Amino acid sequence: MATITAQKTLSERMEPYIAIIGPMVMILAILLFMAVAEPARYFRATNLNLILLDAALYMPMAMAMTFVITQRGIDLSIGSIAALSGIMMAFLIKQYGFSVYVAVPIAIMLGAVMGLINGLIITRFNVPDLIGTLAMDLVYRGFALVLAKGLVLARFPDFLTEIGRGQIPGFIPIPVIIGIATMIAGYVLLTRSYFGRYTIAIGSNPEAAELTGISVNRHKVYAYVLMGACAALGGVMLTGKLNAIQATSAPYFNLHVIAAVVVGGTSLFGGRASMLGSFAGVLLLSMMINALVTLRIEFFWQSVASGVVIVSSVALYTWMQKKDRDGAGGLFAGLMTPDGQKMLRFSAALIGVLIALLAIGGLFAGDPNPSG
């Protein structure tokens, strides 16, 4: 019997990779812009190393957050988990004489326990993810403040600083190796394991997933445990990078990580995930912030630019998901519709706003070498 194979169109072949194409296009735009604006400073080896170090800090958390968001969850407590885990690890090393090889695993396990608490609050007490993790963010930050009492704990053993900023001679930095390893592990979990399949199934339709025999609540708890452990790892890496930790550390971890995951194409509505997209999203945000710093643009303008990128990305992926539901017949066909044309105009306007912000920020940037 002859088999008839339908020939896929270009748009059909490209659609599975659209999550990675979006942030990669933005990365290319940043590279082109900086190649014109500040090529000497931005493309120095030391600056590229700084970008990688900054991105590596968020990679483990972005990996875990991809699973949490894919199953229609959210975790706003990861900054506090990172800070509290780092504080506990610091006390074990500085005041109780624990070996760093023991204190680091204990800190990561403590983060997993905090993730477990988050998951149980959400599943056992039916507290919405947003409210539950926001409340626990306050709880964990409060514990960190009580324990630290305003102290800055600093000067840790070399092993810890190697985790945060060390480098293998002639190779990439150790934190980058850790970050990429976690992203690879997350990719395998998402695409080659039941854990990933169940996550996507729950995010697509929790009721249908329950009817197929998936223990939805238990799986959600697993995702939050993973998130807590990775947040604690982020706290360990931050402590090693700065060689210091305090209770107010990592205040914007949650927003940065969620933004990177969403920019990378993981849907806030659940059911759509891209680990490669999350990786690209982390790189994009780190490159963008570094570009703004290189242009000597004030921090406030950096926040505005970050917000513009996040809004445009969420708008694009929300439109794409609506297109999928409506069956518009492919991405490029969807772009030809009135809604698609509106989305293109909106995206162009936001890109124009971002470029204008860069220009205005550069115009009003302070002199990097003030006299006197």
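The values are calculated or read from the model by the stated rules, or taken from the named source; none is laboratory data. Not measured: the values here are computed from a predicted model. In this analysis, Cβ positions are derived from the backbone assuming ideal geometry, glycine residues included, and neighbour counts consider all displayed protein chains. Surface areas here come from the heavy atoms of the whole protein model, side chains and all, with no ligands, DNA or RNA. Shrake-Rupley method; radii C 1.70, N 1.55, O 1.52, S 1.80 Å.
Quickly run through region 217-244 and pick out the residues that are open to solvent by less than 10 Å² (accessible area, probe 1.4 Å) and either in a loop (DSSP other than H, G, I, E, B) or β-branched (Val, Ile, Thr) (or both). Listed by number, the residues that qualify are Val236, Thr239. Residue count for region 41-71, restricted to those that are under 15 Å from Ser286 (Cα atoms) and not hydroxyl-bearing (Ser, Thr, Tyr): 16. Pairs are defined by a Cβ separation below 9 Å, a sequence spacing of at least 6 or placement on different chains, a first member in region 93-104 that is surrounded by 15 or more Cβ atoms within 10 Å (Cβ to Cβ), and a second member that is in a loop (DSSP other than H, G, I, E, B); the pairs so defined are Ile93/Ser99; Ile93/Phe156; Ile93/Pro157; Lys94/Arg155; Lys94/Phe156; Val100/Phe156; Val100/Pro157; Ala103/Tyr96.
Taken over region 137-154, the criterion of being open to solvent by less than 40 Å² (accessible area, probe 1.4 Å) and either aliphatic (A, V, I, L, M) or closer than 15 Å to Ala107 by Cα (or both) is satisfied by Tyr140, Ala144, Ala148, Leu153, Ala154.
The sole residue among Ile202, Ile168 that is assigned by TED's automatic domain parsing to the domain that holds Ile69, modelled with pLDDT of 95 or more and not hydroxyl-bearing (Ser, Thr, Tyr) is Ile202.
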